[in-house]
Amino acid sequence: MDAKKSIEALQFFATGLTEGALVHKLQGQIFKSQGFTKLGQKYIDHFNEEMEWVEKFNERILDLGADVKFDGAKSRELITDPIEYIKADLDIQKAGVDLLYKCIEQLPCDPTTYDIMKAYLADEEEDLYWSQGALEMIECIGKQNWLFTQV
């Protein structure tokens, strides 16, 4: 097992996911303040779910005998238009899923980390499909009708 590769992968995703989770929380608060309660709560719940993954990643880093690091978060623009946010988030999700596939290919010699990352990938794909489905629904029923379902 190459513990160093596992630790680097786990740390990379823990840092990136912490940043993304915080953005989801803030976006959820913005959407709730606009009256889109369901959409806002979806992203707030997503924050909580993502932080559970960060916790799993950090626990595995510690199990491997390394120190957990926090590299800080980059500044990101928050988007007030829900549809534009879903589009932007979908782009990030696609890139993240691609990175996860590449990462998993490097981890077969560490079955524990491999299983954690594989489960995380499945969760991220589910989020990606939700965003794609939401955009397809918006295309079918229109922006205003879809936004009404998020009240």
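The values are calculated or read from the model by the stated rules, or taken from the named source; none is laboratory data. From a predicted model like this one, the values you see are computed outputs, not experimental measurements. Reconstructed Cβ throughout: ideal geometry from the backbone, glycine too, with neighbour counts over all protein chains shown. Heavy atoms of the whole protein, side chains included, go into the accessibility calculation; ligands, DNA and RNA do not. Shrake-Rupley method; radii C 1.70, N 1.55, O 1.52, S 1.80 Å.
In segment 1-23, of all residues being assigned to a helix (DSSP H, G or I) and of a type in the set (D, E, K, R), the one that is nearest to residue 105 (Cα to Cα) corresponds to 5.
Residue 77 meets each of the listed conditions (1) at pLDDT 95 or above; (2) under 30 Å from residue 145 (Cα atoms) apart from (1). Inside segment 8-29, residues that are open to solvent by 40 Å² or more (accessible area, probe 1.4 Å), within 20 Å of residue 118 (Cβ to Cβ) and over 14 Å from the mean Cα position of the chain (by Cα) make up a count of 1.
For segment 48-62, indicate whether the set of residues that are within 24 Å of residue 6 (Cα to Cα), of a type in the set (Val, Ile, Thr) and either open to solvent by less than 60 Å² (accessible area, probe 1.4 Å) or touching a residue at least 60 places away in the same chain (Cβ under 8 Å) (or both) is non-empty. The answer is yes, given that some residue of segment 48-62 is within 24 Å of residue 6 (Cα to Cα), of a type in the set (Val, Ile, Thr) and either open to solvent by less than 60 Å² (accessible area, probe 1.4 Å) or touching a residue at least 60 places away in the same chain (Cβ under 8 Å) (or both). Only one entry of 87, 102 meets the criterion of being of a type in the set (Lys, Arg), part of a helix (DSSP H, G or I) and surrounded by 14 or more Cβ atoms within 10 Å (Cβ to Cβ), and that entry is 87. Of the residues making up segment 24-79, just one is among the aliphatic types (A, V, I, L, M), in contact with a Phe, Trp or Tyr (Cβ under 8 Å, 6 or more places away or on another chain) and not in a loop (DSSP other than H, G, I, E, B), namely 39.
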